[in-house]
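The values are calculated or read from the model by the stated rules, or taken from the named source; none is laboratory data. Quick caveat: nothing in here was measured; it's all calculated off a predicted structure. When we count neighbours, we look across all protein chains shown, and the Cβ atoms used for this are built from the backbone with ideal geometry, even at glycine. Side chains are part of the model used for accessible areas, which takes the heavy atoms of the whole protein and leaves out ligands, DNA and RNA. Shrake-Rupley method; radii C 1.70, N 1.55, O 1.52, S 1.80 Å.
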Amino acid sequence: CTDCFQSPLQCSTCLVACHAHNPFHRLEKWTINHFSRISILSLNGVIHLGHAGQRCPNILPNSGRQLTVVHTNGIHSIFATFCGCPKPEPDYIQLVKGRLFPATINRPDSVLTFAFLEDLHTHVLTSKKSVFDHHSAIQRLTNAVAPDTVPNRYPECGRALRLWRTLTSTRRSGQAHHISPFLPSRLPNSLAVRCAACPEIDFNVAKSTSWFRHKYTLFLSIDGNFRLQRANKRHDPDDVALINGNAYFVNEADYQEYLKDIVPSDENSTCARLRAVRMQNSLKFKNAAVTGVICVQCARHGFYMPRGTADLEKGEAYARSDYVLMRVLDEAGTQRWIMVSYDIWCQYHINLAKRVKKHFPEHVPTLPHIRGAVPKMHVKGHVEECQLRWSFNYLPNSGETCGEKIETSWAEQNQSAGSTKQQNAGHRHDSLDDIFGFWNWNKLITLGNDTILIPRILI
């Protein structure tokens, strides 16, 4: 066995016996003058399901079947037996309890090990590689000389990863333990990872607190990203987003219904050289069904806000920015003070109250609590009046916020643009929801690092 430490030589009987719980190790057999790779199936190795690896005492003759297993070290074929007891659990449940993820529900013949899915998921999130590339690597690990002869399980990998992502988000957000009733201030069934440092009424700050306005203001950033596009391709009616509206993207059906009532606006920035609104006819939007995304983050810590992302078409339209901002305020509407950083705030805020009264009347009481500013780098591209009026440098209770942190996240997320661009609408939303969630998770687990270092520096 080349996967066992120091690769001990054994007879076939002993080797099969000691690999009862490691059936996916790679084996080699001495043949005259060299070792050649063989499978545990060729040695009559069997995996037993339903009894924690033990053979079911009630197993029926010829009840087992051969499975194709995708593992971290290659693609394997192995024979599996299922429980034959009265009222046995379904085959897919027995497989899951054996840490094998079935590619289908009814009589699955292809499975992916949990270890493989964890490995695939981690690589997709950290290195932004595509599922296709990872599957190709697994084929080459199986047979480096003739990878084309290895079974193709790329479609199964893609489907399983979508489900795995949803399950991971459900676990990471606490919804696997039905946490929503304990957090009444949040939207029910939300799968978003939240910023622990931003003020959240009735969670980490009391509503009655009224001092230190710069500390208890919720700082938000709005920005568009035109790299995260979706190609103009045939629509798949069977493709749906599994997380639709429960994480970082808005609910697509509600969003499209809202857009039906929106009249195209001619509002253009009259002062900024960085004219995001005037990008509507740019060549970079050619052959794109979705030209990018509009996102809302917390401006101080760079967390993507729940339901703060939506698709764009032909540049940033105020109506789309309004929608994501209002969806974020569905949870944050009880905040005492809200500061919005937006690179076109000088123009965007002019008719904001009118638009909110028309399309989001439930948020009219929140309007007096909202202030705005232009991020410190972008404000240099505005006329002098804007630089004096909307710079964080001159606004009270802004805590020297720069407002540009959202720009730093795009460098990371844009690495996913190549693969998500070719995905169908629902698949793309699930992928980006997962990528944004991973970004938030990494932010969360390292959030306290700077505060830990401060005492050491002072000492």
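Summary table below
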read-out	value
Enumeration of residues in segment 344-365 that are assigned to a helix (DSSP H, G or I), among the β-branched types (Val, Ile, Thr) and either without any contact (Cβ under 8 Å) to a residue 24 or more places away in the chain or open to solvent by 10 Å² or more (accessible area, probe 1.4 Å) (or both)	Val364
Residue within segment 425-443 that is buried (at least 18 other Cβ atoms within 10 Å of the Cβ) and more than 26 Å from Asp311 (Cβ to Cβ) present	no
One residue from Leu163, Leu141 being touching a residue at least 60 places away in the same chain (Cβ under 8 Å), of a type outside the set (Phe, Trp, Tyr), more than 30 Å from Ile38 (Cβ to Cβ) and open to solvent by 30 Å² or more (accessible area, probe 1.4 Å)	Leu163
Number of positions in segment 89-99 that are out of contact with any Phe, Trp or Tyr (no Cβ under 7 Å at 6 or more places or on another chain) and closer than 14 Å to Gly64 by Cα	3
Boolean, Arg234 is at pLDDT below 80 and charged (D, E, K, R)	yes
Unique residue being among the hydrophobic types (A, V, I, L, M, F, W, C), farther than 26 Å from Pro8 by Cβ and part of a strand (DSSP E or B) when the list is Leu60, Leu67	Leu67
Of the criteria (1) outside any helix (DSSP H, G or I); (2) within 21 Å of Ala197 (Cβ to Cβ), which one Gln422 fails	(2)
Residue list for segment 129-148, restricted to those being of a type in the set (Gly, Ala, Ser) and touching a helix residue (DSSP H, G or I) at 6+ places or on another chain (Cβ under 7 Å)	Ser130
Verdict on Ala272 being in a loop (DSSP other than H, G, I, E, B), surrounded by 15 or more Cβ atoms within 10 Å (Cβ to Cβ) and modelled with pLDDT under 90	yes
Elements of type strands (runs of 3 or more DSSP E) contained in segment 70-128, each with 2 or more residues being in contact with a helix residue (DSSP H, G or I) (Cβ under 7 Å, 6 or more places away or on another chain) and in contact (Cβ under 8 Å) with a residue 12 or more places away in the chain	74-81, 110-113
Ser190 in a strand (DSSP E or B), surrounded by 13 or more Cβ atoms within 10 Å (Cβ to Cβ) and not aliphatic (A, V, I, L, M)	no
Candidate set from segment 204-250 (those that are in a loop (DSSP other than H, G, I, E, B) and closer than 19 Å to Gly418 by Cα); member that is most open to solvent (accessible area, probe 1.4 Å)	Arg234
Single residue of segment 305-343 satisfying the filter (in contact with a helix residue (DSSP H, G or I) (Cβ under 7 Å, 6 or more places away or on another chain), part of a strand (DSSP E or B) and open to solvent by 10 Å² or more (accessible area, probe 1.4 Å)) that is nearest to Ile370 (Cα to Cα)	Trp337
Some residue of segment 193-200 being open to solvent by 80 Å² or more (accessible area, probe 1.4 Å) and not aromatic (Phe, Trp, Tyr)	no
Residue tally, condition free of Cβ contacts under 8 Å to residues at least 60 places away in the same chain and surrounded by 10 or more Cβ atoms within 10 Å (Cβ to Cβ), over segment 14-35	15
Subset of segment 403-424 (residues that are more than 16 Å from Lys128 (Cα to Cα) and open to solvent by less than 60 Å² (accessible area, probe 1.4 Å))	Gly403, Glu404, Ile406, Asn424
Failed condition for Lys87, given (1) over 16 Å from Ile47 (Cβ atoms); (2) surrounded by 15 or more Cβ atoms within 10 Å (Cβ to Cβ); (3) not hydrophobic (A, V, I, L, M, F, W, C)	(2)
